[in-house]
Amino acid sequence: MAGSRGYLDAASTEPPHPAARAALLDALDSAWADPARLYGTARGTRIVLDRARARVANVLGVRPDEVSFTSSGTQAVHLAVLGGLRARRRVGSHLVVGAVEHSSVLHAAELHERDGGEVTLVGVDRSGRVDPAEFAAALRPDTALACLQSANHEVGTLQPVAEVAEHCRAARVPLCTDAAQSLGRADVPAGWSLLAGSAHKWGGPGGVGVLVVRKGTRWRSPLPDDEREARRVPGFENVPGAVAAAAALEARHVDMAADAERLSALVERIRSEVPRTVPDVEVIGDPVRRLPHLVTFSCLYVEGEALLTELDRLGFAVSSGSSCTADTLRPSHVLEAMGVITHGNVRVSLPRDVEAADVERFLSVLPATVAKLRGDLGVIA
Amino acid sequence: MRFRGRAKSRQPAAAPVPAAPEPSGPVPVLVIDALGRKCPIPIIMLAERIREVPVGEVVAVLADDPAARTDVPAWCRMKSQDFVREETLEQGGWGFHIRRTY
């Protein structure tokens, strides 16, 4: 795919999967009617939507009626967290969340706190991983909900979701898992009660999220009542988007093991090569229990944004958790919680069709780029 | 939000520093004023000037970029220097005390 040469920011958004494009165009023509109506074209659209739901459910290993399509991954997270809390108001208003959750989880937690709820953040170790025992110790008799991501979006560290889920089950607390960064790339962890995902992260279209509420999990919409998506998500369904999302997820799932092996080898190459060629650099995140496609490192004495700008000029799209721009006053809460250098931070995340030559070219330009920026700041290495 | 776990000592507002009666610990022999400077400048100033103090003595960096609260201890860890403590400054910002180890 010529358009994605040098694109190393799949964790922000994965380039559209060809299967998604084909499914989207087809559904735009054939499944545009209102799936809530009773005439033929509408029933046809309803069938297409439900088939997409069944395909997503099949990949996730859940029942189709547990799956709802939302208007984004963020909306799926907000509904999962706030709906999970609302359903258990009689139990209490205590929420437990990992300190390195995506901002959509933390913003939902902040809203809960503003509404009088109590929030406990569970810290992480240097690799960005929560300790299951520490997470378990944060659960209380009045805990309404716990949240733990499947994998960290900035450093790729996998979280011990299954272990934490067992502790939550023992404490009778539902666990909400933000799986946005891992769906389509790694196995879905076991034991969660609520799950949120985002289609554009797995090669589906933007503006489509997935909310899964397992049977037996109490959940109540925090939004005004609406008939759509089994009363879980308000608003007219994006049927073509849902169809494309399902097609992409299925296609990714088929190739998942092979993609993971290939991308993981490229990530390993970056993990070993960058510290060898760039002085004063730290590769961060768990080296083993990690996503296959994502690696992050921090270069001492470099502004993250300057590095991104320079790499962009050289034809590379990467991301950073640094904060040297006017619109981000604070550094990434993930890097802060891990206690690692927050400046000079670079996140490289490989799309499924990345070529080894792109990675090699990146590795070849990085040392001189870092050296130049350090020189600009007067650092003599 | 309340913090639990290993990261809590690094988090803002977790433990309000009592408005300073004489803080404990050794007096810095060099104070680097990086107030108003964005990271990574405070770290660069620290790296440049730490050799001005004798091994075993303490240098202080004054900074008000919140990133410094993470970056100074992380720099000490990477460079095997000894991060002694963080104090809150009356005029805003923080003083970071570092003992030179080599």
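A few comments on the model shown:
- Residue match in the range A:166-181 (condition: touching a strand residue (DSSP E or B) at 6+ places or on another chain (Cβ under 7 Å) and either open to solvent by 50 Å² or more (accessible area, probe 1.4 Å) or assigned to a helix (DSSP H, G or I) (or both)): yes
- The residue of the range B:59-96 that is nearest to the other protein chains (Cβ to nearest Cβ), among those that are closer than 22 Å to A:Val340 by Cβ, open to solvent by less than 50 Å² (accessible area, probe 1.4 Å) and of a type in the set (Asp, Glu), is B:Asp71.
- Strands (runs of 3 or more DSSP E) contained in the range A:194-313 and holding at least 1 residues in contact with a helix residue (DSSP H, G or I) (Cβ under 8 Å, 6 or more places away or on another chain) and within 30 Å of A:Asp34 (Cα to Cα): A:194-198, A:209-213
- Test: residue in the range B:46-58 that is surrounded by 20 or more Cβ atoms within 10 Å (Cβ to Cβ), touching a residue at least 24 places away in the same chain (Cβ under 8 Å), touching a Leu at 6+ places or on another chain (Cβ under 7 Å) and outside any loop (DSSP other than H, G, I, E, B): no
- Residues that are more than 10 Å from chain B (Cβ to nearest Cβ) and open to solvent by 10 Å² or more (accessible area, probe 1.4 Å), drawn from the range A:98-108: A:His102, A:Ser103, A:His107
- The residue of the range A:18-69 that is least open to solvent (accessible area, probe 1.4 Å), among those that are touching a residue at least 12 places away in the same chain (Cβ under 8 Å) and among the aromatic types (Phe, Trp, Tyr), is A:Phe69.
- The requirement of being more than 21 Å from A:Trp219 (Cβ to Cβ), within 12 Å of chain B (Cβ to nearest Cβ), among the small types (Gly, Ala, Ser) and open to solvent by 20 Å² or more (accessible area, probe 1.4 Å) is fulfilled nowhere in the range A:117-125; no residue meets it.
- Hits in the range A:222-237 (condition: in contact (Cβ under 8 Å) with a residue 40 or more places away in the chain and in contact with a Pro (Cβ under 8 Å, 6 or more places away or on another chain)): A:Leu223, A:Arg228, A:Glu237
- Qualifying residues in the range A:330-339 (those that are not in a loop (DSSP other than H, G, I, E, B) and not aliphatic (A, V, I, L, M)) - the one farthest from the other protein chains (Cβ to nearest Cβ): A:His333
- Which listed residue, of A:Leu145, A:Leu95, A:Leu85, A:Leu111, is assigned to a helix (DSSP H, G or I) and crowded, with 24+ Cβ neighbours inside 10 Å: A:Leu85
- Some residue of the range A:27-35 being assigned to a helix (DSSP H, G or I), over 24 Å from the mean Cα position of the chain (by Cα) and not aliphatic (A, V, I, L, M): yes
- Checked against (1) open to solvent by 10 Å² or more (accessible area, probe 1.4 Å); (2) assigned to a strand (DSSP E or B), A:Glu154 passes all but a single condition, namely (2).
- Checking each residue in the range B:32-45 for being more than 8 Å from chain A (Cβ to nearest Cβ) and open to solvent by 80 Å² or more (accessible area, probe 1.4 Å) picks out B:Asp33, B:Arg37.
- Note on the range A:340-373: residues that are surrounded by 23 or more Cβ atoms within 10 Å (Cβ to Cβ) and within 11 Å of another protein chain (Cβ to nearest Cβ) total 6.
- Verdict on A:Arg352 being in a loop (DSSP other than H, G, I, E, B), modelled with pLDDT under 95 and among the basic types (Lys, Arg): no
- Subset tally (residues that are in a strand (DSSP E or B) and either polar (S, T, N, Q) or closer than 13 Å to B:Trp75 by Cβ (or both)) for the range B:87-96: 2
- Scoring A:Ala136 on the criteria (1) small (Gly, Ala, Ser); (2) in contact with a helix residue (DSSP H, G or I) (Cβ under 6 Å, 6 or more places away or on another chain); (3) open to solvent by 20 Å² or more (accessible area, probe 1.4 Å); (4) away from chain B (no Cβ under 14 Å) leaves a single failure, condition (4).
The values are calculated or read from the model by the stated rules, or taken from the named source; none is laboratory data. Note that the coordinates shown come from a computational prediction; the quantities given were computed from them, not determined experimentally. Because the Cβ atoms are built from the backbone with ideal geometry, glycine has one as well, and the counts that use them run over all protein chains shown. Just the protein is used for accessible areas: all its heavy atoms, side chains included, with ligands, DNA and RNA removed. Shrake-Rupley method; radii C 1.70, N 1.55, O 1.52, S 1.80 Å.
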